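Participant: Let me give you the structure first, and then I'll get to my questions.
The values are calculated or read from the model by the stated rules, or taken from the named source; none is laboratory data. Since the model is a prediction, treat every value here as computed from it, not as a measurement. Glycine also receives a Cβ, built like all others from the backbone with ideal geometry; neighbour counts cover every protein chain displayed. All accessible areas refer to the heavy atoms of the entire protein, side chains included, with ligands and DNA or RNA removed. Shrake-Rupley method; radii C 1.70, N 1.55, O 1.52, S 1.80 Å.
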Amino acid sequence: MKTPKNRGIPKNMLKNLVQDVKKLMITNEGKLFFLEIFEEIPPETRGLVIESLVVFHDPEILDFFYLIKQEYGKEYEEACNYGIKKITFAGAQSGAVAPAEKYFYKAYATCSRHTGKITIDVAWHTAKDVLQVDGFYLTCNSEGIHSFFLAERMSIRDYEKDRKQLPDMMEISYEETCFLIQESFRFNTLHMTRPALGRFIYQDYLTVKHGLKKQEIKKLLLNITPRQSPRQLINSFFYAMKNQDLHFVLSILEPDFWKMRDRKTCPLKDFLQPGTFTLEAQVNEMEIRNDRADVNAYIIRIRDREVYYCDYGFVLQKNKLTWSIKSIVRKKNEKITPEFNPFTQEVSCRAYNILDLDELLSLLEQEDNIRGMEELPYGIHMRYSLFEDTWGRNLASLSGLVVDLVINGNEFVIIAEDPKHFCYFENLLKNEMRPLVAFQGAYKLSLFSIYNYLGGHYLSLEDLLHEDHNNPGFEEYMRFLTVHYLVKDHDAVKAKLEDMNHIRFSLSATTKLYYQKESQQHPGFMAEFIIGDGWLTLSAFGEKDLVIARKSFEKGMHEYLEFEGLEIKNNGIFEILTPDLKKRNPELEPVLKEMYLNKWIHSRMAFLEGMTPSEASESEAGSRLLWTMLKKIRDQEDKKRKRSGKHKIYINEYLGKLEQKKQGKC
């Protein structure tokens with residue numbers, strides 16, 4: 001992060017923050033609390049705050065720079081190094097006291113590993129009869145290390161008393177503790193999400209080599225998983241595969257599972273295909289005979305924007321009262337046509353702009369039947385349900401569901417199948433002394449779209465609405481999907497972009513534009529990258545290309561980026577073309593058109609019955625479909641041009657590309 005001159009926050013505006021620093025830099029508990037205060041500062045302002053604090057030469061400010069550097073790493077490293085250098089040069093010395101020696105005492109984990117969520121308490125002996133207790137709430141999904149708490153002084157007597165009151169916790173070793181924390185952190189890395197605050201304390205757990213072997217890991221996971229019935233075991237399997245929690249999946253497979261099949265044809269691969277998302281999974285039939293159980297189950301999943309119904313047969317084996325999976329066979333895999341697709345059913349939703357987030361959360365927490373379901377990148381998904389969640393229920397079941405509530409950034413969305421359920425929540429919100437939300441609009445959306453929104457990948461409901469009203473069979477190749485990242489190490493990310501095969505343009509002194517091409521055989525568009533000061537966007541046409549582009553780009557980049565969300569650009573690849581940019585880079589528009597048309601002519605489309613425009617032009621039946629498509633493109637472009645004055649590509653340019661293809665020029 002550069003440290004520009006002549007820029008900063010006035011000194012008098014920072015006095016309250018400096019007072020907090022002086023009070024809280026004394027203990028680790030205080031530092032944790034201060035980090036929560038720091039997180040309240042908007043991300044785009046934090047760097048400026050760090051730079052501005054160099055005018056204060058107090059020892060605690062020096063400790064502040066070291067704390068931020070430890071907690072956030074390269075994200076603010078350059079600014080912190082600059083502050084440390086300036087304050088040290090002015091004569092300030094750190095006021096931090098060297099940490100006291102500590103020795104591992106005990107660690108416990110809850111017996112809830114089958115849910116993909118566990119709590120761990122780690123106690124350290126720091127003085128006579130005194131313990132420091134590190135607490136973790138770990139998940140095996142995109143949340144990773146969800147939360148961390150610290151008790152710096154707890155008596156051994158109180159600690160042991162608390163453990164006796166929690167009989168469902170299992171004692172684990174230090175090596176096992178490190179493995180579980182590292183396993184959870186791996187999900188933060190995989191999904192590019194930020195782990196819980198407190199990394200300056202728990203970093204050591206992430207770097208220790210635990211040394212556990214495969215059989216020791218399996219034994220650990222089974223020890224912190226309660227005995228499950230065959231139905232519960234299959235549900236655990238579905239949840240684990242949905243989250244790609246592979247360590248748990250391996251722990252519930254029989255040792256001879258792999259001996260009975262070719263790894264390349266194993267049905268487990270069905271769950272791991274890129275771009276595959278499980279909508280629903282449920283046990284259909286079950287027959288138990290002594291130590292064997294035969295289970296039939298179905299799964300409804302999305303792949304490449306198509307919905308598939310799959311039947312699987314499971315054989316379970318019971319050893320010493322514990323069930324495990326002996327074999328899995330796929331019996332059916334059928335694409336569901338739109339007329340029989342249950343997820344085309346429409347539900348109602350209402351969107352609001354949040355005026356007071358803290359009060360809204362406080363209000364919702366008072367409702368007995370509201371349960372937190374899953375955290376989103378910038379919010380939370382809650383469900384108002386008639387039933388308590390139990391592990392005997394199927395994955396993604398709608399049974400007992402009344403209302404889904406979503407807080408996504410500044411947006412509050414209520415989703416209900418029956419519109420009458422809106423009245424309860426609207427009356428609840430109206431009873432407040434001052435308004436907590438402002439109504440934006442009421443909409444009807446398909447269940448398919450709702451599942452996509454609840455996945456937490458959209459920055460706003462508006463992006464989803466734009467997608468929902470598109471014809472996916474016709475416009476899939478035109479849907480320009482954009483992923484947003486926060487950049488933690490600008491130099492490392494820019495170096496990766498420079499090493500890739502890109503066309504480059506400079507948008508400003510701090511913003512660069514890159515276009516990645518496909519193979520030389522069909523040199524069409526693959527992905528667009530725009531990098532600015534602390535942010536990056538990656539864009540591609542359709543979900544398949546986006547998955548491929550992300551997988552290629554994110555390899556080795558997980559520690560330098562943080563995933564923020566996904567949106568759909570209404571004007572696609574041409575949205576970047578402002579009048580000023582076209583004037584400064586007159587060669588950009590022809591380059592974009594050429595890449596776009598090369599991409600178009602070689603893309604397989606459902607509207608063309610799986611053919612590319614190039615292939616469709618070679619037959620009479622295909623040409624009729626192609627001409628119908630071109631007329632639709634022309635009509636849509638005319639509407640957009642009348643509405644916004646913008647256009648993408650004229651119809652004659654599509655025809656020109658087809659003619660080039662016939663002549664063998666592309």
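Participant: So, in the range 246-281, of the ones that are open to solvent by 80 Å² or more (accessible area, probe 1.4 Å), assigned to a helix (DSSP H, G or I) and closer than 22 Å to L222 by Cβ, which residue ends up modelled with the lowest pLDDT?
Facilitator: Filtering the range 246-281 for residues that are open to solvent by 80 Å² or more (accessible area, probe 1.4 Å), assigned to a helix (DSSP H, G or I) and closer than 22 Å to L222 by Cβ, the one modelled with the lowest pLDDT comes out as M260.
Participant: A further question follows. For E562, are the conditions met, namely being assigned to a strand (DSSP E or B) and either of a type in the set (G, A, S) or within 24 Å of the chain's Cα centre (by Cα) (or both)?
Facilitator: Details: assigned to a strand (DSSP E or B): yes; either of a type in the set (G, A, S) or within 24 Å of the chain's Cα centre (by Cα) (or both): yes.
It is true that E562 is assigned to a strand (DSSP E or B) and either of a type in the set (G, A, S) or within 24 Å of the chain's Cα centre (by Cα) (or both).
Participant: Quickly run through the range 154-184 and pick out the residues that are modelled with pLDDT under 95 and either among the aromatic types (F, W, Y) or closer than 23 Å to K555 by Cα (or both).
Facilitator: Selection gives Y159 alone.
Participant: Going through the range 282-332 one residue at a time, which ones are within 22 Å of the chain's Cα centre (by Cα), in contact (Cβ under 8 Å) with a residue 40 or more places away in the chain and open to solvent by 50 Å² or more (accessible area, probe 1.4 Å)?
Facilitator: D304
Participant: Return the pairs, sorted by first residue and then second, in which the second residue is polar (S, T, N, Q) and open to solvent by less than 10 Å² (accessible area, probe 1.4 Å), the first residue lies in the range 128-142 and is closer than 24 Å to A240 by Cα, the beta carbons are less than 7 Å apart, and the residues are 6+ apart or on different chains.
Facilitator: That search, which allows pairs on different chains as well, returns L138/S184; T139/S184; C140/S184.
Participant: Next question, about the same structure. For the range 491-520, how many residues are open to solvent by 40 Å² or more (accessible area, probe 1.4 Å) and within 11 Å of G532 (Cα to Cα)?
Facilitator: 6
Participant: Can you give me the number of residues within the range 130-162 that are in a strand (DSSP E or B) and either touching a Pro at 6+ places or on another chain (Cβ under 8 Å) or not small (G, A, S) (or both)? Steps first, please.
Facilitator: To start, the set of residues in the range 130-162 that are in a strand (DSSP E or B) comprises 130-139, 145-155.
When the remaining residues are screened for being either touching a Pro at 6+ places or on another chain (Cβ under 8 Å) or not small (G, A, S) (or both), the result is 130-134, 136-139, 145-146, 148-150, 152-154.
Number satisfying all stated conditions: 17.
Participant: Please name all residue pairs, on different chains or six or more residues apart, with Cβ atoms under 8 Å, provided the first residue is in the range 178-201 and is assigned to a helix (DSSP H, G or I) and the second residue is among the small types (G, A, S) and modelled with pLDDT of 95 or more.
Facilitator: Filtered contacts from the range 178-201: L180/A109.
Participant: Across the range 412-423, what is the total count of residues that are open to solvent by 20 Å² or more (accessible area, probe 1.4 Å) and modelled with pLDDT of 80 or more?
Facilitator: Summing the residues that are open to solvent by 20 Å² or more (accessible area, probe 1.4 Å) and modelled with pLDDT of 80 or more in the range 412-423 gives 1.
Participant: To continue, here is another question. From E476, E467, E462, which residue is more than 17 Å from the chain's Cα centre (by Cα), of a type in the set (D, E) and modelled with pLDDT of 70 or more?
Facilitator: Result of the check over E476, E467, E462: E462.
Participant: Take the residues of the range 578-606 that are among the hydrophobic types (A, V, I, L, M, F, W, C) and surrounded by fewer than 20 Cβ atoms within 10 Å (Cβ to Cβ): which is farthest from Y514 (Cα to Cα)?
Facilitator: We begin by selecting, within the range 578-606, every residue among the hydrophobic types (A, V, I, L, M, F, W, C); these are 581, 588, 591-592, 595, 597, 600-601, 605-606.
With surrounded by fewer than 20 Cβ atoms within 10 Å (Cβ to Cβ) added as a condition, the list becomes 581, 588, 591, 606.
Details: L581: 14, L588: 11, V591: 12, A606: 29 Å.
Looking at residues that are among the hydrophobic types (A, V, I, L, M, F, W, C) and surrounded by fewer than 20 Cβ atoms within 10 Å (Cβ to Cβ), I get A606.
Participant: It is to be established whether one or more residues within the range 533-547 are among the charged types (D, E, K, R), without any contact (Cβ under 8 Å) to a residue 24 or more places away in the chain, out of contact with any strand residue (DSSP E or B) (no Cβ under 8 Å at 6 or more places or on another chain) and open to solvent by 40 Å² or more (accessible area, probe 1.4 Å). Give the derivation first.
Facilitator: Start the filter on the range 533-547 by keeping residues that are among the charged types (D, E, K, R), which leaves 533, 543-545.
Okay, now just the ones that are also without any contact (Cβ under 8 Å) to a residue 24 or more places away in the chain, so 545.
When the remaining residues are screened for being out of contact with any strand residue (DSSP E or B) (no Cβ under 8 Å at 6 or more places or on another chain), the result is none.
No, the range 533-547 has no match at all.
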